[in-house]
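I have placed the structure first, in the form of structure tokens, so that the comments after it can refer back to it.
The values are calculated or read from the model by the stated rules, or taken from the named source; none is laboratory data. Remember, it's a predicted structure, so these values are computed and weren't measured experimentally. Here Cβ is always computed from backbone atoms with ideal geometry, including for glycine, and neighbour counts include all displayed protein chains.
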Amino acid sequence: MDIEQARFNMIEQQIRPWDVLDTGVLEVIRQTPRELFVPDQYRNLAFSDLEIPLSSGQYMMAPKVEARMLQALQVKPGDRILEIGTGSGFVTACLARLGAHVDTIEWFEDLSVRAQSTLGKLEIGNASFIRGDAISECADRQYDVIAVTASMPVYRDIFETRLALGGRIFVVTGDAPAMQAQLLTRVELQGLHCTTLFETNLPPLVGLEESRAFQL
């Protein structure tokens, strides 16, 4: 496989047609070697338009979904970023290259360890890897960007207190197969503006799989 041609085709045939036109996002995706983040047995699918299986029953988002999320979050060089769900670490690497620093939280230790190793090989040093519960970890910190890379069956405001004024949260809510990707922006101290972006399908955030059962 010609990796550079496959990367070019991914950007031009999958990502751009999905209305990802931000030059900074396109460049960071071009410069971040996605093939290094994919499990070895799926290396030939690294640039395909699909979700790639990871360990522990998790998945790597399709390239166009990763790109749309990055574009929606409008990450700036000075931004402090919280990523909920490290997964493969590819999005972590992109966020780190776009912003100032990333705290990334992962429930599954094997995923966190592999992602940290890959970012280390790429000499990306502005990311902190935290293994634990996303609901309780980093609860006392403020962020400009929060990327939730797993879904919520029903939206819960569990991350809103960590969002600084002007900050943005990307989150996916609802039931498979047609979940809604949304961007929440803190426009004032006590208020958020919600924009619906697109339909997608992501595995549920660990700990929230049964949350619908507790809704009245």
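Evaluate the following for ALA115: is it under 23 Å from ARG168 (Cα atoms) and outside any loop (DSSP other than H, G, I, E, B)? Spelling it out, it is not the case that ALA115 is under 23 Å from ARG168 (Cα atoms) and outside any loop (DSSP other than H, G, I, E, B). Scanning region 43-60 for residues being under 14 Å from ILE3 (Cα atoms) and of a type outside the set (Gly, Ala, Ser) gives a total of 4.
When you look at ILE169, is it under 17 Å from the mean Cα position of the chain (by Cα), part of a loop (DSSP other than H, G, I, E, B) and β-branched (Val, Ile, Thr), yes or no? So ILE169 does not fit the description; no. Reported count of residues in region 113-129, each being small (Gly, Ala, Ser) and surrounded by fewer than 20 Cβ atoms within 10 Å (Cβ to Cβ), is 4. Of all the listed residues (SER88, SER128), the sole one being hydroxyl-bearing (Ser, Thr, Tyr), in a strand (DSSP E or B) and either farther than 16 Å from GLY24 by Cβ or touching a Ser or Thr at 6+ places or on another chain (Cβ under 6 Å) (or both) is SER128.
Mind listing just one residue for me: the one in region 43-67 that is over 16 Å from the mean Cα position of the chain (by Cα) and modelled with pLDDT of 95 or more and, of those, farthest from GLY120 (Cα to Cα)?
Step one: list which residues in region 43-67 are over 16 Å from the mean Cα position of the chain (by Cα), which gives 43-49, 55-57.
Checking which are modelled with pLDDT of 95 or more leaves us with 45-49.
On the way: LEU45: 23, ALA46: 20, PHE47: 22, SER48: 25, ASP49: 27 Å.
Among residues in region 43-67 that are over 16 Å from the mean Cα position of the chain (by Cα) and modelled with pLDDT of 95 or more, the one farthest from GLY120 (Cα to Cα) is ASP49.
Residue count for region 171-191 satisfying the condition of being modelled with pLDDT of 90 or more and not hydroxyl-bearing (Ser, Thr, Tyr): 10.
Scan region 89-98 and tell me whether some residue there is farther than 18 Å from THR32 by Cα and touching a Gly at 6+ places or on another chain (Cβ under 8 Å). No, the conditions are met nowhere in region 89-98. Being of a type in the set (Asp, Glu), touching a helix residue (DSSP H, G or I) at 6+ places or on another chain (Cβ under 9 Å) and surrounded by fewer than 21 Cβ atoms within 10 Å (Cβ to Cβ) is a condition met by at least one residue of region 28-40. Each residue in region 84-111 was checked for being surrounded by fewer than 24 Cβ atoms within 10 Å (Cβ to Cβ) and β-branched (Val, Ile, Thr), and 1 of them qualify.
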